[in-house]
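I have placed the structure first, in the form of structure tokens, so that the comments after it can refer back to it.
We did not get these values from a lab; they are worked out from the coordinates using the rules stated. Fair warning: this is a prediction, and the values are worked out from it, not measured in the lab. FYI the Cβ positions are ideal-geometry reconstructions off the backbone, even for glycines, and counts take in every protein chain you see.
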Amino acid sequence: MRLDQFIANSTELSRKEAKRAISRGEVTINEQICKGANTQLVGDERVAWSGTRLSLPGERYLMMNKPAGVVSATTDSDHPTALDLLPADITRNLHIAGRLDADTTGLLLLTTDGQWSHRVTSPRTDCPKTYRVTLSEPLTDAATQQLERGVDLHNDPKPTRPARIQILDGGVIELTISEGRYHQVKRMLAAVGNHVKALHRVRIGQVELDKALKPGEYRELTCQEKDSLA
């Protein structure tokens, strides 16, 4: 990691401010002043800024109960984002692992760990995601069988992978898929002649949305939850 990046990640300084601090001689490596912002660190150096020893913060892993009307983005000029719902002091380097549409609610994972995020979202990992789907009309047996076989989506060259369906009550089902195509759940139900009225993600892999979390609330993942998605 470059020295200026290390300083920015371990303090409240921006990357530009970190470069200025380095050029002013405020940063030392192993008690020696270093003025090279592009100096590469291997990980065992003692880095200090103005005499204070620095260290990188640990990785963060959060779950949030995303409310409707909030976009799954780090910044957006027109809508509130998931990161806007968090305290500013914990949002540094956070990103979203597996997005939800603005009108879709439920389980959202946020992390600073890029490799972990990739394992959660990569199509190769086959990580199942379960949604509670409120439909405009009850799902027929024929439509259920279609979804469980895989359906053709409009303007999509391949049929979906087989889904798992659980009928909960009337027009409410739980649908589990292991893909992440654009608006996939809504398009799958449209392909079998139904319409999604509300969509709520309840589980990713073995991680279930904490029922104690109100819309907009969050908590840290437990070690067991985090490791189950590793």
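Once the Kirkwood radius over Cα pairs is known for segment 5-51, the Stokes-Einstein relation at 20 °C and 1.002 mPa s delivers a diffusion coefficient of 205 µm²/s. Rounded to the nearest Å, what's the spacing between the alpha carbon centres of segment 113-140 and segment 56-99? Just the number, please. Spelled out, the Cα-based centre of one part sits 18 Å from the other.
Multiplying the residue separation of Leu86 and Gln166 by 0.36 nm and removing their Cα-Cα distance gives an extension gain of 25.5 nm.
With both labels modelled 7 Å from their Cα along Cα-to-Cβ, the Glu137 to Ser228 distance reads 3.7 nm. Shape descriptor for segment 89-210: Rg over Rh equals 0.99 (Cα atoms; Rh from the Kirkwood inverse mean 1/r). Label separation (Arg24 vs Glu45): 2.0 nm, computed from points 7 Å beyond Cα along the C-beta direction.
A Förster radius of 45 Å, combined with the Cβ-Cβ distance separating Arg149 from Arg15, puts the computed FRET efficiency at roughly 0.35. Under 16 Å from a label point set 7 Å out along the Cα-to-Cβ vector of Arg53, the amide N atoms of segment 16-31 belong to 28-31. Counting only DSSP H runs of at least 4 residues, each contributing -39500 (n - 2.57), and dividing by the residue count of the chain, the helix-based mean residue ellipticity at 222 nm comes to -5500 deg cm²/dmol.
Each of Asp76 and His195 was given a label point 7 Å from its Cα along the Cα-to-Cβ line. The distance between the two points is 2.3 nm. For the chain, what value does the Rg/Rh ratio take when both radii are computed over Cα atoms and Rh is the Kirkwood radius, given to two decimals? Result for the chain is an Rg/Rh of 1.11.
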